[in-house]
Amino acid sequence: MNAQTPATGKATQETLVSVHRWTDKLLTFRTTRPADYRFTPGQFARLGLMVDGEMVWRAYSITSAEAENALEYYAIVVPGGLFTSALIRLQPGDPVWVEKLSYGFMTADRFADGEDFWMLATGTGLGPYVSILQQREVWHQFRNLVLVHCVRHAEELSYQEKFESLRAQAQAAGFPARLQLIVMTTRDDDAAGSDHLHGRITAALLDGSLERKAGLAITAEASRLMVCGNPDMITEVRDILRERGLGPCRRAGGGQFITEDYW
Ligand SMILES: Cc1cc2nc3c(=O)[nH]c(=O)nc-3n(C[C@H](O)[C@H](O)[C@H](O)COP(=O)(O)OP(=O)(O)OC[C@H]3O[C@@H](n4cnc5c(N)ncnc54)[C@H](O)[C@@H]3O)c2cc1C
Ligand SMILES: NC(=O)c1ccc[n+]([C@@H]2O[C@H](COP(=O)([O-])OP(=O)(O)OC[C@H]3O[C@@H](n4cnc5c(N)ncnc54)[C@H](OP(=O)(O)O)[C@@H]3O)[C@@H](O)[C@H]2O)c1
């Protein structure tokens, strides 16, 4: 049974349900879902772990679908990181605290219009898109869904089968949008010959190779973008998009892109 956390009262004690290890540093984990917990795909949860007698809180994008019974997250284990050094040792049945509120503005309902939805991620910045692509509405809201995942090495390209299966389900259901998956690696020498783009998202935006690969131009009229992950990447992408006449989404409306820094 879920218990109130004595530490804050803002969280409930949940239970680790399962852990899937993609590599020695990358994992997907699931927790029980707090009663009455609400989130919009693209949002993040604040999770707590007890580390040496103290509660440590960190933000994690929710990767599960809105209606699932469990909550899922995708994480990298940071060398020497306080939270993730404890996370990697957890076993199913162990406690994880989940704040009752979910947070974040990286939700597709903030785009009032646009035809092409670009989802750009480095590393674990992929997380929000796993949830968003399980949201039926986005398959009706846009004509093209372009998911771009850039990692150091090909072995870090997680969730590929999930995306393929979502694409197949959407096609079978007759949803209008088309999903393209564009994967990029930056540190593999043998990328030549694979269908990966080699290099950073920023370079591929600047030299036009990303748009050529997608067969779509990024314009203020047609494109709506989310950018998530490495903060330096986000700063650089924001500058590139601004140069091209696109602007951040504002609460009052307007704008073409939304960003979320992970650190
Ligand atoms: C809004 C938001 C959402 C987030 N969602 C996720 C998520 O879904 N998955 C996830 O793994 N992390 C996510 N993070 C980062 C996460 O909250 C922690 O920072 C991370 O788990 C490391 O915690 P730590 O205590 O082990 O190390 P920390 O002391 O917090 O981090 C140490 C250093 O590790 C590096 N680092 C931290 N997080 C990452 C990362 N995700 N990828 C690469 N390098 C990183 C940075 O250089 C950072 O300065 C998110 C952060 C924010 C602000
Ligand atoms: N063990 C070590 O020596 C060491 C060293 C550094 C980091 N780390 C740890 O390893 C983890 C790295 O996680 P990660 O690989 O998922 O995240 P990351 O370092 O953000 O790299 C993910 C992808 O983002 C790209 N990228 C980085 N900065 C960018 C920028 N300014 N513009 C555009 N693209 C950019 C990277 O390209 P590039 O490959 O070109 O950078 C890479 O393809 C962190 O936990 C970190 O603490 C370990």
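Read-outs throughout are calculated quantities, based only on the coordinates presented, and are distinct from any laboratory measurement. Computed from a prediction, not measured in an experiment: that's the story for all the values here. Here the Cβ is made from the backbone with ideal geometry for all residues, glycine too, and neighbour counts use every protein chain on show.
A few notes on this one:
- When 112, 108 are checked against the criterion of being within 30 Å of residue 216 (Cβ to Cβ), touching a residue at least 60 places away in the same chain (Cβ under 8 Å) and exposed (fewer than 15 other Cβ atoms within 10 Å of the Cβ), 112 stands alone in meeting it.
- Residue match in the range 30-46 (condition: away from ligand 1 (no atom under 15 Å from the Cβ) and polar (S, T, N, Q)): yes
- Residue in the range 128-140 that is part of a loop (DSSP other than H, G, I, E, B), touching a Gly at 6+ places or on another chain (Cβ under 9 Å) and over 20 Å from residue 64 (Cα atoms) present: no
- Among residues of the range 74-88, those that are touching a Gly at 6+ places or on another chain (Cβ under 7 Å) and among the hydroxyl-bearing types (Ser, Thr, Tyr), counted: 1
- Selection count, the range 148-174, where residues are surrounded by 20 or more Cβ atoms within 10 Å (Cβ to Cβ), of a type in the set (D, E, K, R) and in contact with a Ser or Thr (Cβ under 9 Å, 6 or more places away or on another chain): 1
- Among helices (runs of 4 or more DSSP H) entirely within the range 162-263, having at least 2 residues that are more than 30 Å from residue 22 (Cα to Cα) and within 13 Å of ligand 2 (Cβ to nearest atom) singles out 231-243.
- Looking across the range 209-235 at every residue that is surrounded by fewer than 18 Cβ atoms within 10 Å (Cβ to Cβ) and of a type in the set (Val, Ile, Thr), the one that is farthest from residue 61 (Cα to Cα) is identified as 219.
- Selection within the range 54-96 - among the aliphatic types (A, V, I, L, M), more than 16 Å from ligand 2 (Cβ to nearest atom) and touching a Lys or Arg at 6+ places or on another chain (Cβ under 7 Å): 70, 71
- In the range 54-101, of all residues being assigned to a helix (DSSP H, G or I) and aliphatic (A, V, I, L, M), the one that is surrounded by the most Cβ atoms within 10 Å (Cβ to Cβ) corresponds to 87.
- Leading residue by the ranking (nearest to ligand 1 (Cβ to nearest atom)) among those in the range 198-243 that are touching a strand residue (DSSP E or B) at 6+ places or on another chain (Cβ under 7 Å) and of a type in the set (S, T, N, Q): 230
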